[in-house]
Structure formats: C-alpha cells, structure tokens
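The values are calculated or read from the model by the stated rules, or taken from the named source; none is laboratory data. Note that the coordinates shown come from a computational prediction; the quantities given were computed from them, not determined experimentally. FYI the Cβ positions are ideal-geometry reconstructions off the backbone, even for glycines, and counts take in every protein chain you see. What goes into the accessible areas is simple: the full protein's heavy atoms, side chains included, and nothing from ligands, DNA or RNA. Shrake-Rupley method; radii C 1.70, N 1.55, O 1.52, S 1.80 Å.
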Amino acid sequence: MNRINQKLTEDKKLLSIYFSAGYPSLHDTVSIIENLEKCGVDMIEIGLPFSDPLADGPTIQASSTQALKNGMTSEILFDQLKGIRNTVSIPLIIMGYFNPMLQYGVEAFCKKCQEIGIDGLIIPDLPVDVYNEQYKTTFEKYDLINVFLITPQTSVERIRFIDSISNGFIYMVSSASVTGSSSGFGDEQTAYFKRIADMNLKNQQIVGFGISNNNTFSQATQYAKGAIIGSAFIKHLSDKPIHKIDEFVLSINN
Amino acid sequence: MTYNIDDKGYYGEFGGAYIPEMLYPNVEELRLNYLKIMAEPSFKKEFDQLLKDYVGRPSPLYFAKRLSEKYSTKIYLKREDLNHTGAHKINNTIGQILVAQRLGKTRIIAETGAGQHGVATATVCALMGLECIVYMGEIDIARQAPNVARMKMLGTKVRPALSGSRTLKDATNEAIRDWINNPLDTHYIIGSVVGPHPYPDMVARFQSVVSEEIQWQLKEKENTTKPDYVIACVGGGSNAAGAFYHYLDDTDVKLIAVEAAGKGIHSGESAATSVLGREGIIHGSKTLLMQTSDGQITEPYSISAGLDYPGVGPMHAHLYKSGRAEFMSITDNEAMIAGLELSQLEGIIPAIETSHSLAIFEKKKFTADDIVIINLSGRGDKDLQNYIDYFKL
C-alpha cells in the first residue's frame, strides 16, 4: 500500500508541511525532512522550485527564487533524496509546476520518484483532463498518487469527476487565493469545508492555503482529514535555524 | 489541414490550458462564451462601430514608394500605427472589454511590458467606466515613464511587479495571481496571443481585422486579395497573428515572422524564441519558450520592450514547427537602422518593435513584382528617446 493511503487510515488529523527544496540553503533538504518527521509531522510536500510559480504568493515565490539562486535543479533534488528512505518513513510528495517535469521527461521523472520512495505528486498546472488522457498510466506504473486541487469555485460535477480519478486525497484550496494570503477563516470557508465533507467523496480532503497556526489548523480540520502549511513554515525557516523546527510544529500541534 | 486552432484549443501540438484549478472557472467561463458573444449581432455592431469611429479603422494600406524603390520590390505598409493609442493593441482591448461587459465583469486587469497594451486597456476602461489595474514590471515602469503617465491620466492604477526579473513575464504572473484572488468580478485582458486557451484564439480573432482589411484594400490597389508576402514582428505575436490570420491556410501567401535577436542570437542577450526556445509550458500554454535545461524560464532581451517575451503564442509555435511561416531574427542594431531609414524615406517613425520587420529588406531579396506587406504595428513616439540616444541625433 502506498504510504499516503496508509497514513490516511490513521485515526488522527494529519499535519502536512510544505517547503521549497534548496531553501534556505541548497543542501538543507534532507535535514529539514528528517527534522519534520522527528517532530511528528505526518506528511511532507517537497517543493520543486520554479521560476514562475503562478499559484504561489510572495513568501513561497521568494523561497523558490532563492532556491534556484542556490542552484537547485530536479537532478540535484533527486540526488539529495536518494537515501531518504533509510531515515524517513512518512509519506513524501513532490509539489511543483509542470514545465520542469516535462523537460526532465515525465516518465523519467516518475521513475526517479519511485526509485527514491516518493509517494505522490502535486502539479498545480497539469490539467485534470491532460493528466487523465496522457499521464495517468505512467503515474500508476510507478505507484505515484497524483493529487488534484479543488477550490470554492469548483463545480459539484467537476469535484465528482476529480474524486473519481483520484486515489489518495483531494487538496482542498481553502479560498480563492494564492498561497499565504489568508488571515483566518470566516463563515464562508467553514460552510465550504462542510459542504465538501457532506459530499461523502471517496477521497478524504486535506486543506491547503491560509493555514498558519494552531487556530487555522483546527478550523481547517474540523471537517477535513488534515491540513497543509506552507508559507508560515517557510517564514519560520527564514527566521530560525533548522533545529528549531520543533518550535513551529509544536505551536501547531499543541 | 488547417493552421488555425482546433476544437480542443490546440494549434497542432501547441496551446491548451495548463492552468491551476483556481483559474479553471474563469477560463472555462470565457471558453464557453467567447465565440457565442462574438457572434451576437449586437456585439458585432458595437465592435465594428468602435473600431471605425473610436479607433479610426480601417487603417490605411499605404504603398511605400521610396522604400519600394530602394529595395526594388512593391512594399505596402499596413498602418496600425495610425490607430488611436498608436498601435494594433487597441483592436484586442476593444473586443475584450465588450466581452467582459457581457460576462458581467466590473473590474479589469492587464499586464504590460512597454506599456502599449497597458495604455490600450486603460483607454477602453476609461471609455466604458470600468475599474482598471495594470501590472507592469518595476524595471519597465522606470524605462517607460511616458506610458505610465498616460495610464495614470486615464484613471488606471499601475501596480509594479516586484518579483523575478521585474519585467513583462513577471507582470503577467502578477496579473494571473490577481485573477486567482478575484475570480468573480474580474476579467483579465491579455495583450497578446499567449496564455491559456481561449486567449490565443480570442486575441487572434480580434486582431484578424488587420488581414481582413488587407484583403479588400489590396484588391483595390493591385486587383488581388493575395500578397506574395506578409511580414510582421513577433514578441508574443498578436500583430503577426492579425496580419496572418486570413492567409493562414492560403499557402500562396508566404508568411514571415520576425523575432528580436537582441545583441545577437548566441550573445546570451536575445529574444529569438524560435531559435533558442524549446517546447514547454509558459503562462498556461504549451508552446516554444526560452528556458534552462532544467525547465526554468529564462529572461529574454531586446532593445524593444514589446518583443522581450520568453515565449511565442502557440499559433506561432505551430507555424514555425510546421514550416508554414519563415522565422527570421533581427538584431537591435539592424532594427534601429531600419527605423531611422523608414523615418527618413517615408516620413513615418515606427515603433522599435516594427523596425525589426522593416530590417529584413537588408537580409532577404524580393523580386520587382513581389507584393510585400509589412504590418506597421506601432508608432515610434514612445521610442523617440531611445532612437535619439542610439544615433546621438
């Protein structure tokens, strides 16, 4: 069983953390992942940096830009991660934009992910229909779960379709926004979280965008299986050394 | 075989809509409605009326006698520089503002590089009384002060794009982010034949008035609707798309797309995407783009702010790959000399973008009875200081 599916069976709300690989320093990737697992984080999204990250706000874009300046590439990331399964057992997902994967070769990229022990991919700008028609069999061949996004504007029919072709979890974008832009959830978002929960989808949902602290984490996971924190964690990384990651995780999971 | 778009939104293998889910409802709303709206009689009537009375169309097809004598061929200039706001850009913004109104949108956003599309958007927003926000790279804001001033005069807010290289591609990123954050009330007026489907097709259709007019204007002058060559410069490619449009499938008419070689194709400072680019995804479209081996989008360079885009529209990627259009590239210096030459031979100061297409007469021979049409996409007022400094006039 894929580690993501295994994790989703656990009877707890899942905390997932996103960071940009190669930030703050090029070779921090492995130690950030190891520290996150040690602190009790349930799942990690490793951001493959891109020059033009359309769906990301200023914090994640700045960390991507810095990571690229530091020299991060797909090849280097794979190299850094090649022994990761000797020390880390939680699910690992690579999150990135489609062009770098396309240039690497989608099949070669997937193959490499499987060799390393990556469990899934999140590719915001790979459209659902293109994935379904052109890449689904490749992802499945290498036992990779592709995670799709839904937003408050996604129609019911489309959510049902996305649910039908998903086999892990659904990434529920909390609001109409880029990453890092919300400061707490209001009634509108709570109603949306509940509306999706009431659809009884076959895939559980994990909420992303706008989760920055214990309060927003609790709100987001009232109806959903878990939540993803990105920008707030990256801010922490830019202020504090890696061995202080536990302070951040404790502040969410207290 | 057609060189136009197919029903899935692709030109050959290029195009599509590679967009995050957050943009899907906006783009889908547009995709489902743009052709319907454009086919409405009330839309056509208003669009044609505005092009005539407000933009000043049809733009003349001018036989450039002295230029023709110099190069021993028949050169016609399609005078898009005479449009209101000084370039072809307004053909598209008039069309899109009418679409936006019919979709019930109340807020308009746009990206701009040199500021020509920004001014054209600010203009139609003033005309229709709609709120307008234009994203412009911080560096371009400094380089293109007169156009920034025009936009402000027209009541538009110019927001600096502070990320990345702080030029056109980053302004486009910021506009897309704004649209993600404001999905309901906002329409994004893209300025070129780039972006996710249906933008490349919609913008090409609005610009197609250029080749539609060329057909009947040439009939009057030369008793044929078909020139031998149509030549246009390509950054994203909207003026070329408009000039080529009605000739795409008529292979008797040769198409030449002129890219900016900057300081030389292999100088590291160039915008010649067809030579330097590879297939990939930029701003939601599968096309040719300049990128590193790792798939990071690189910064183009051209002396002309309107040509320094790291990609080309998917139509042009297809025209290049299929061989339907010939792609040539022109350096900064060649373009500047051609701009000065047109000014002094014909009394027309072209935009530096357009000067690139004029420069091909030094590189390619035409016969005496060839009919060659150059799309004179914009006027050079905005570039005067650049010309003056370059030639130390």
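For B:T225, which of the numbered conditions (1) modelled with pLDDT of 95 or more; (2) open to solvent by less than 10 Å² (accessible area, probe 1.4 Å) fails to hold?
In the conditions (1) modelled with pLDDT of 95 or more; (2) open to solvent by less than 10 Å² (accessible area, probe 1.4 Å), B:T225 misses (2) alone.
Sort out for me the strands (runs of 3 or more DSSP E) sitting completely within the range B:254-296 that have 2 or more residues that are within 14 Å of chain A (Cβ to nearest Cβ), in contact with a Gly (Cβ under 9 Å, 6 or more places away or on another chain) and of a type outside the set (K, R). Outline the logic, then answer.
Values: elements: B:254-262, B:278-282, B:285-289.
Here the list reads B:278-282, B:285-289.
In the range A:201-244, which residues are part of a strand (DSSP E or B) and open to solvent by 60 Å² or more (accessible area, probe 1.4 Å)?
Looking only at the range A:201-244, we keep the residues that are part of a strand (DSSP E or B), and these are A:204-208, A:226-229.
Result: A:Q204, single match.
Would you check which residues across the range B:320-337 are open to solvent by less than 10 Å² (accessible area, probe 1.4 Å) and touching an Asp or Glu at 6+ places or on another chain (Cβ under 9 Å) and list them?
B:I330, B:A335
Working only within the range B:156-173, note down all residues that are more than 10 Å from chain A (Cβ to nearest Cβ), open to solvent by 10 Å² or more (accessible area, probe 1.4 Å) and either in contact with a Phe, Trp or Tyr (Cβ under 7 Å, 6 or more places away or on another chain) or among the small types (G, A, S) (or both).
Hits for the range B:156-173 are B:R159, B:L168.
Would you mind telling me which numbered condition in (1) over 27 Å from B:R143 (Cβ atoms); (2) surrounded by fewer than 22 Cβ atoms within 10 Å (Cβ to Cβ) B:R79 fails?
The single condition B:R79 does not satisfy is (1).
Considering only residues that are assigned to a helix (DSSP H, G or I), under 20 Å from A:F109 (Cα atoms) and polar (S, T, N, Q), look in the range A:48-86 and name the one that is nearest to the other protein chains (Cβ to nearest Cβ). Spell out the reasoning first.
Residues of the range A:48-86 assigned to a helix (DSSP H, G or I): A:58-69, A:74-81, A:84-86.
Filter again for under 20 Å from A:F109 (Cα atoms), leaving A:64, A:67-68, A:74-81, A:84-85.
Applying the additional criterion that residues be polar (S, T, N, Q) yields A:64, A:74, A:80.
Values: A:S64: 10, A:S74: 6, A:Q80: 15 Å.
Among those residues, the one meeting the criterion is A:S74.
Failed condition for A:I170, given (1) open to solvent by less than 20 Å² (accessible area, probe 1.4 Å); (2) part of a helix (DSSP H, G or I), with all others met?
Only one criterion is unmet by A:I170, namely (2).
Mind listing just one residue for me: the one in the range A:101-116 that is more than 10 Å from every other protein chain (Cβ to nearest Cβ) and touching a strand residue (DSSP E or B) at 6+ places or on another chain (Cβ under 9 Å) and, of those, surrounded by the fewest Cβ atoms within 10 Å (Cβ to Cβ)? Write out each step before concluding.
First, pick out the residues of the range A:101-116 that are more than 10 Å from every other protein chain (Cβ to nearest Cβ): A:105-116.
Filter once more, keeping what is touching a strand residue (DSSP E or B) at 6+ places or on another chain (Cβ under 9 Å): A:109-110, A:113, A:116.
Working: A:F109: 23, A:C110: 23, A:C113: 23, A:I116: 18.
My answer is A:I116.
What's the number of the only condition in (1) within 17 Å of the chain's Cα centre (by Cα); (2) under 17 Å from A:S231 (Cα atoms); (3) open to solvent by 10 Å² or more (accessible area, probe 1.4 Å) that A:I44 fails to meet?
In the conditions (1) within 17 Å of the chain's Cα centre (by Cα); (2) under 17 Å from A:S231 (Cα atoms); (3) open to solvent by 10 Å² or more (accessible area, probe 1.4 Å), A:I44 misses (3) alone.
Of everything in the range A:131-157, what is within 12 Å of another protein chain (Cβ to nearest Cβ) and surrounded by fewer than 17 Cβ atoms within 10 Å (Cβ to Cβ)? Give them in sequence order.
Step one: list which residues in the range A:131-157 are within 12 Å of another protein chain (Cβ to nearest Cβ), which gives A:131, A:133-134, A:147-155, A:157.
Listed by number, the residues that qualify are A:E133, A:Q134, A:S155, A:E157.
Restricting attention to the range B:1-54, report how many residues are part of a loop (DSSP other than H, G, I, E, B), more than 20 Å from the chain's Cα centre (by Cα) and either away from every other protein chain (no Cβ under 11 Å) or surrounded by 13 or more Cβ atoms within 10 Å (Cβ to Cβ) (or both). It would help to see each step written out before you state the result.
Step one: filter the range B:1-54 for residues part of a loop (DSSP other than H, G, I, E, B), giving B:1-9, B:12-13, B:16-20, B:40.
Filter once more, keeping what is more than 20 Å from the chain's Cα centre (by Cα): B:1-2, B:6-8, B:12-13, B:18-20, B:40.
Keeping just the survivors that are either away from every other protein chain (no Cβ under 11 Å) or surrounded by 13 or more Cβ atoms within 10 Å (Cβ to Cβ) (or both) gives B:1-2, B:6-7, B:12-13, B:18-20, B:40.
Final tally of qualifying residues: 10.
Do you know which residues across the range A:54-82 are in contact with a helix residue (DSSP H, G or I) (Cβ under 8 Å, 6 or more places away or on another chain) and within 26 Å of A:L14 (Cα to Cα)?
Matches in the range A:54-82: A:A55, A:D56, A:G57, A:T59, A:I60, A:S63, A:L77, A:F78, A:Q80, A:L81, A:K82.
Out of A:P24, A:P100, I need the residue that is assigned to a loop (DSSP other than H, G, I, E, B), touching a residue at least 24 places away in the same chain (Cβ under 8 Å) and not hydrophobic (A, V, I, L, M, F, W, C). Which one? Working first, answer last.
Values: A:P100 fails: assigned to a loop (DSSP other than H, G, I, E, B).
Answer to the selection: A:P24.
Could you tell me whether the range B:284-301 includes any residue that is of a type in the set (S, T, N, Q) and closer than 14 Å to B:M328 by Cα?
From the range B:284-301, those of a type in the set (S, T, N, Q) are B:285, B:287, B:291-293, B:296, B:298; that's our starting set.
Among the residues that remain, those that are also closer than 14 Å to B:M328 by Cα are: none.
Checked against the condition, which is being of a type in the set (S, T, N, Q) and closer than 14 Å to B:M328 by Cα, the range B:284-301 yields no hits at all.
What do you reckon, is B:H266 open to solvent by 10 Å² or more (accessible area, probe 1.4 Å) and free of Cβ contacts under 8 Å to residues at least 12 places away in the same chain?
On the way: open to solvent by 10 Å² or more (accessible area, probe 1.4 Å): yes; free of Cβ contacts under 8 Å to residues at least 12 places away in the same chain: yes.
In short, yes.
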